Amino acid sequence: MLDLLIHNANLPDGRTNMSVAVRAGRIAEVTAGLMAPAHETLDAQGQLLSPPFIDAHFHMDATLSYGLPRVNASGTLLEGIALWGELKPLLTQEALVERAMAYCDWAVAKGLLAIRTHVDVCDPRLLAVDALLEVKRRVAPYIDMQLVAFPQDGVLRGKTGPQEHMDTLKRALDRGVDVVGGIPHFERTMADGALSVKLLCELAAERGLRVDMHCDESDDPHSRHVETLAYETQRLGLQGRVTGSHLTSMHSMDNYYVSKLIPLMAEADLQVVSNPLINITLQGRHDSYPKRRGMTRVPELLAAGVNVAFGQDCAMDPWYSLGSGDMLEVAHMGLHVAQMTSQAAMAQCFRAVTRNAARVLGLSDYGLVPGCHADFVLLQAADPIEALRLRATRLRVYRRGKLLAQTPAATSQLHLAGRPDSTACRAESIPRF
Ligand SMILES: [Zn+2]
């Protein structure tokens with residue numbers, strides 16, 4: 001006897017009218033037209049059933065703090081970092097936990113069931129680290145959360161010397177933080193930035209951990225930390241386990257240099273996370289016109305075989321006043337900024353917030369194939385492209401075969417003489433002649 005049988009689902013790979021069978025929290029079978037006894041059956045009515053959304057880059061410690069203690073007036077990355085510095089002494093563990101828990105509610109409603117979040121480790125109290133370890137424990141039944149030890153103020157920029165933040169970062173790892181972070185472009189010099197990449201990658205190799213660095217998050221065409229990150233990845237045998245996040249300077253780099261750099265990144269199997277909403281908002285702030293978009297070279301990286309995911313990065317915090325945990329909104333922005341408008345490229349953008357992001361986190365048993373966890377989202381859309389176009393309603397969100405969230409279909413009632421009485425802006429309603 002199956003626990004759950006979903007009929008008549010479209011899958012992201014283009015298969016239609018598929019049945020997905022669930023037993024004991026895992027996918028038992030994926031096939032066309034399966035008839036079998038089940039405790040619960042659901043007719044998907046030709047809607048898209050997707051693996052859950054995954055956010056490969058977020059800041060859960062700062063989330064939902066918008067306006068505290070004041071709003072970022074310039075809108076720049078550097079004022080955001082200064083503002084976060086003003087907020088840090090005012091934080092309490094209870095406020096951090098409650099804001100993060102509220103965000104996780106939003107995430108579940110949006111079908112977002114795995115989040116890699118950076119957590120600032122430059123506070124000697126490690127208040128945010130302890131708060132997010134508590135949140136990770138509380139949400140474990142419904143969200144896979146990965147924590148990255150992120151030295152926001154620069155790992156080598158401690159007031160008492162270069163050991164200060166390195167020590168707090170190591171203490172955070174000792175307490176159970178999963179991934180080694182970094183911010184080389186924010187160290188005092190380019191040389192210190194390169195040294196920080198070397199030291200942090202060596203630390204990760206020693207401890208058998210993954211690496212995810214904020215890297216070259218600037219408009220500086222001469223920033224070279226991703227080159228060092230690829231080099232250290234390859235030197236230390238960390239291929240596939242290291243992520244370069246943001247990489248916005250690649251937008252502004254010389255094309256000849258990039259033609260050498262991307263193959264080095266591919267050789268190191270460097271994972272890339274681009275954060276389209278935030279990159280297009282924070283970068284190019286020193287430009288007049290034309291203004292640079294500041295997003296890294298997503299289609300070119302994908303074409304070279306580099307795995308690229310999109311992240312939300314910020315939601316209602318010192319850096320960004322909007323955001324709701326909607327990874328379709330993130331992918332929608334990425335698609336526009338990177339001009340990834342072909343059918344194949346739009347499908348890649350959908351994968352950047354699902355399958356590719358799962359690879360960045362190193363999640364196992366993710367996907368719609370037998371043996372994987374029965375985690376999925378039923379969307380009010382026929383395929384990934386319609387899901388992106390509509391930022392489709394998450395009709396039902398499941399984890400381990402259990403229903404976590406439901407949202408009514410978005411349908412507008414119309415009061416127009418001679419016209420249909422409702423519309424959901426679906427492609428299926430377009431006259432075909
Ligand atoms: Zn970030």
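The values are calculated or read from the model by the stated rules, or taken from the named source; none is laboratory data. These numbers were taken from a predicted model, which means no experiment stands behind them. Methodologically, a virtual Cβ is constructed for each residue, glycine included, from the backbone with ideal geometry; neighbour enumeration extends over all protein chains shown. What goes into the accessible areas is simple: the full protein's heavy atoms, side chains included, and nothing from ligands, DNA or RNA. Shrake-Rupley method; radii C 1.70, N 1.55, O 1.52, S 1.80 Å.
Looking at 39, 57, 7, can you tell me which residue is touching a residue at least 40 places away in the same chain (Cβ under 8 Å), of a type outside the set (A, V, I, L, M) and part of a strand (DSSP E or B)? Step through it out loud before you land on a result.
Values: 39 fails: touching a residue at least 40 places away in the same chain (Cβ under 8 Å); 7 fails: touching a residue at least 40 places away in the same chain (Cβ under 8 Å).
Matching residue, one of 39, 57, 7: 57.
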Answer with yes or no whether residue 58 is away from the ligand (no atom under 16 Å from the Cβ) and open to solvent by less than 20 Å² (accessible area, probe 1.4 Å). no
Neighbours by Cβ (under 8 Å, 6+ apart or cross-chain): first from region 209-220, under 14 Å from residue 268 (Cβ atoms) and in contact (Cβ under 8 Å) with a residue 40 or more places away in the chain; second open to solvent by 30 Å² or more (accessible area, probe 1.4 Å) and away from the ligand (no atom under 13 Å from the Cβ): 210/178; 210/241; 210/362
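Yes/no matrix, rows are residues, columns are (1) surrounded by fewer than 18 Cβ atoms within 10 Å (Cβ to Cβ); (2) without any contact (Cβ under 8 Å) to a residue 60 or more places away in the chain:
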site: 77; (1), (2): no, no
site: 83; (1), (2): no, no
site: 86; (1), (2): yes, yes
site: 96; (1), (2): no, yes
site: 109; (1), (2): yes, no
site: 112; (1), (2): no, no
site: 125; (1), (2): yes, yes
Among (1) within 16 Å of the ligand (Cβ to nearest atom); (2) touching a Leu at 6+ places or on another chain (Cβ under 9 Å); (3) open to solvent by 40 Å² or more (accessible area, probe 1.4 Å), where does residue 217 come up short? (3)
Any residue that is within 21 Å of residue 146 (Cβ to Cβ), part of a helix (DSSP H, G or I), at pLDDT 95 or above and more than 14 Å from the ligand (Cβ to nearest atom) - is there at least one of those in region 317-331? yes
Could you please find all residues in region 233-250 being more than 20 Å from residue 305 (Cβ to Cβ) and surrounded by fewer than 22 Cβ atoms within 10 Å (Cβ to Cβ)? 235, 236
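Identify, from the list 204, 172, 149, the residue that is in contact with a strand residue (DSSP E or B) (Cβ under 6 Å, 6 or more places away or on another chain), under 26 Å from residue 358 (Cβ atoms) and not in a helix (DSSP H, G or I). Full working, then the answer.
Values: 204 fails: not in a helix (DSSP H, G or I); 172 fails: not in a helix (DSSP H, G or I).
None of the others qualify; the one that does is 149.
Name the one entry in 316, 295, 327 that is under 19 Å from the mean Cα position of the chain (by Cα) and open to solvent by 10 Å² or more (accessible area, probe 1.4 Å). Step through it out loud before you land on a result.
Working: 295 fails: open to solvent by 10 Å² or more (accessible area, probe 1.4 Å); 327 fails: open to solvent by 10 Å² or more (accessible area, probe 1.4 Å).
Unique residue meeting the criteria: 316.
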